[in-house]
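Please read the structure below before turning to the comments.
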Ligand SMILES: [Mn+2]
């Protein structure tokens, strides 16, 4: 069966064929679906048109946790307008979002440049939200699938009959696994998604192997977990943990990647602070970028604490179940005392 977006497929193919340079971008702060759909499309277009220049870009650097992806280093991290000036594309394909503001922090400059240079724009998205303005793009594809990676399968493999290789299958599978949270969330048409997932498995994209790569823990993760478990406090009302200043200084002196270190902390707070009978709590650690500054995160299970309100006490923010904040303190011990005092005054 042809995907519902099939009517506009000839337009998409025409635009691709006319372009010498195609720029593929996905939304800011890219997740697995954004990155994997970009890399899958990069491979699809490179295979189909070896003479064209295909560029993958994003305004934000993808998480270092995605470094296991074969083409991770092919992603150009730069402003959308700089990417346009550097590569002069005739076509920009925007993935996993339908608003200009999803792809760039400076919408006006990028839009002006697109109009001035008469660049064609296409969107391939799967989101079903109401604020979509598809007429702002020349071509709009959206079959409301579970992931943009699934949309690509529908458009290029089912719709156009292009060849699926094992690397493309792996990217598409990772995107689907991520957006459905390994089929925990009900999005799109489950039966259709399951059939596609099966086809991708037959091409070698085994779910168990790919999940293993996504969940892999580094030595740094283990070291940070060890430190935070050692410091974990389970009080009568909440759980909390911290990274000691000594441990933080040692990591910094060893030139540890700060982003990866923060990701390890985040994984700890996501996975462990909401455990046990308390079901909520916080972590705190020294900020490496500014002296005397500490970063904290609150997490809660549903119906226990309101993390955003707690973070607001420190001029931080987030949402009900997860929020972050900064505070100034002379040491991590002082930071913990300040947090405990301030949230104690706040009736949960
Ligand atoms: Mn997505």
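Quick note: the coordinates plus some simple rules give every number you see, no bench work behind them. The shown structure was predicted, so the numbers you read here are calculated from the model rather than taken from an experiment. Backbone-built Cβ (ideal geometry, glycine too); neighbour counts: all protein chains shown.
Data for the structure
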quantity	calculated
Rel. contact order, % - alpha carbon contacts under 8 angstrom, at least six apart, the chain	12
Model label zone, residue 21; criterion: amide N under 17 Å from point 7 Å along Cα-to-beta-carbon; scope the range 64-100	75-94
Modelled label reach - residue 136, point 7 Å along Cα→Cβ, the range 70-109 residues with backbone N closer than 16 Å	80-81, 92-109
Protection-proxy order for peptides 249-255, 41-47, 119-125, each taking the mean of Cβ atoms within 10 Å per residue, highest first	119-125, 41-47, 249-255
On Cα atoms only, tilt of 107-116 relative to the major axis of the chain in degrees	10
The chain - share of DSSP beta bridges that are antiparallel (%, nearest 5)	45
Values of log10 I(q)/I(0), in the order q = 0.22, 0.27, 0.28, 0.33 Å⁻¹, for the range 307-348 under a Debye, Cα-only, solvent-free model	-0.70, -0.96, -1.00, -1.13
Point-to-point label distance, residue 11-residue 195, nm (Cα→Cβ direction, 7 Å offset)	2.6
Pairwise Cα inverse-distance average, inverted: Kirkwood Rh of the range 176-301 (Å)	16.9
Angle between the chain longest axis and helix 258-272 axis [Cα atoms, degrees, rounded to 10]	70
Directionally averaged projected area (convex hull, Cα atoms, the range 43-178), nm²	8.5
Computed Kirkwood radius, in angstrom, where 1/r is averaged over Cα pairs of the range 133-175	11.3
The range 270-309 and the range 174-209: distance between their alpha carbon centers, rounded to Å	32
Values of log10 I(q)/I(0), in the order q = 0.17, 0.29 Å⁻¹, for the range 150-205 under a Debye, Cα-only, solvent-free model	-0.48, -1.31
Crossing angle, helix 219-230 versus the chain [Cα axis fit, 0-90 degrees, rounded to tens]	30
Orientation-averaged projected area, Cα convex hull of the chain (nm²)	19.2
